[in-house]
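For reference, the structure discussed in these notes is given below.
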Amino acid sequence: MKIPLLQIKNVHVSVEENEILKGVSLEVFPGEIHAIMGPNGSGKSTLTYTLMGHPRYTLTAGEMLFDGTSITDLTVDARARMGIFLAFQYPYEVEGVPLKDFLRQAYNTWYAGTEKQIGLKAFKKLLEEKMSLLGVSSEFVERPVNVGCSGGEKKRIEMLQMAILQPRLVILDEIDSGLDIDALRVVCDALKVILKQNSETAVVLITHYKRILEHVTPDYVHIMQQGKIVRSGDKSLVDEIESKGYGL
Ligand SMILES: Nc1ncnc2c1ncn2[C@@H]1O[C@H](COP(=O)(O)OP(=O)(O)O)[C@@H](O)[C@H]1O
Ligand SMILES: [Mg+2]
């Protein structure tokens, strides 16, 4: 029997004594794309941070399993090593470090202590393969990380990082907010290419807007409201929200 890659069971989460998530359950199988939509303040980012193990978010009830193993007590790093990738909402600028070195460091930190650690030569090969997959130039990876990069370029870096790390579960929390149409296309095209190459990679795409879902088609759509998933369905739910709003 196939087991879910991610299993969230009746999760309750509090921040400073306030209960934000009030019993969220979700199952994600390998290769599936799930969209979580909902108004601002409904708890979407709280779910993201809880999945990553941010210390500020206290799990008061429920359980989270990844690949059948409880991750509830694991550190952020341990969860990352298992293959959970959260696209950065605020990419950092590292003065003077060329992107290719930054990516190698990120890879080896991510896989620290595992058999996936690789040397310079093997990394170069991996990087070149992913650059060609995403159409990134060598000039681009010689440049210092994020310094003077546009919003679209920062997203391209994130996508390249994701392609290199080859996560098993990708969580994209409002990656579309503040992006112009060209930058959004960069993100969506890259995501599609990466998913095509790794058909087992699962995605949880969190968004307030329908726009990104016109480019990346979700298998399942969940509506979050006041700390709960109030409805789940297929992609037709997106159009229903568009016409009726979140008060459906
Ligand atoms: N770190 C935090 N400290 C205090 N309140 C928080 C924190 N994170 C989230 N909240 C509160 O939890 C609720 C849900 O927020 P959030 O998860 O960011 O929603 P969404 O991502 O759906 O907009 C909001 O009322 C917000 O004020
Ligand atoms: Mg949010």
ask   = Using heavy-atom solvent-accessible surface (probe 1.4 Å) with all chains present, what is the largest-first order of Leu21, Leu126?
value = Leu126, Leu21
query = From the residues Thr109, Ser232, Val216, which one has its Cα farthest along the dipole of the stretch 6-244 in the positive direction, the dipole being from +1 and -1 charges on Cβ of Lys/Arg and Asp/Glu about the Cα centre?
reply = Thr109
key: Per-residue SASA entry for Met82, accessible area with 1.4 Å probe, Å² rounded to 10   = 50 Å²
message = With θ taken as phi - 60° and the coefficients 6.51, -1.76 and 1.60, list the Karplus ³J(HN,Hα) couplings across the stretch 16-31 in order, rounded to whole Hz; mark glycine and proline as x.
response = 6, 6, 8, 6, 9, 9, 10, x, 9, 10, 7, 10, 10, 9, x, x
ask   = Taking H as built 1.01 Å from N, whose amide H comes closer than 5 Å to the amide H of Arg231, not counting residues under 5 places away?
value = Ile223
key: For the stretch 109-116, Karplus couplings with θ = phi - 60° (6.51, -1.76, 1.60), whole Hz, Gly/Pro x   = 6, 4, 9, 3, x, 10, 6, 8
key: Whole-number Å³ per residue for the convex hull built on Cα positions in the chain   = 133 Å³
ask   = Where the accessible area of the stretch 6-244 is counted over protein heavy atoms with a 1.4 Å probe, how much of it, in %, is carbon and sulfur?
value = 49 percent
key: Length-normalised contact order of the chain in % [C-alpha pairs under 8 Å, at least 6 apart]   = 29 percent
query = How much net charge surrounds Met131 when only the other residues with a Cβ under 12 Å from the Cβ of Met131 are counted, with Lys and Arg +1 and Asp and Glu -1?
reply = +1
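Rule-of-thumb check for the stretch 1-114: C-alpha Rg over 2.2 N^0.38 Å?
Numbers: Rg = 15.8 Å, N = 114, 2.2 N^0.38 = 13.3 Å.
Compared with the compact-globule rule of thumb, the stretch 1-114 sits at 1.19.
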message = Going by amide H atoms built from the backbone, whose H comes under 5 Å of the H on Gly23, apart from near neighbours?
response = Val11, His12, Val13
remark   = GNM of the chain, Cα pairs under 10 angstrom: of Leu179, Leu169, Leu191, the biggest fluctuation goes to Leu179
message = Please compute the length gained on full extension between Asn40 and Thr109, using 0.36 nm multiplied by the number of residues separating them and subtracting their Cα-Cα distance.
response = 21.5 nm
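The values are calculated or read from the model by the stated rules, or taken from the named source; none is laboratory data. Note that the structure is predicted; figures quoted are calculated from it, not measured. Ideal geometry is used to build each Cβ from the backbone, glycine not excepted, and the neighbour counts take in all protein chains shown. Side chains included, ligands, DNA and RNA excluded: accessible areas come from the protein's heavy atoms. Shrake-Rupley method; radii C 1.70, N 1.55, O 1.52, S 1.80 Å.
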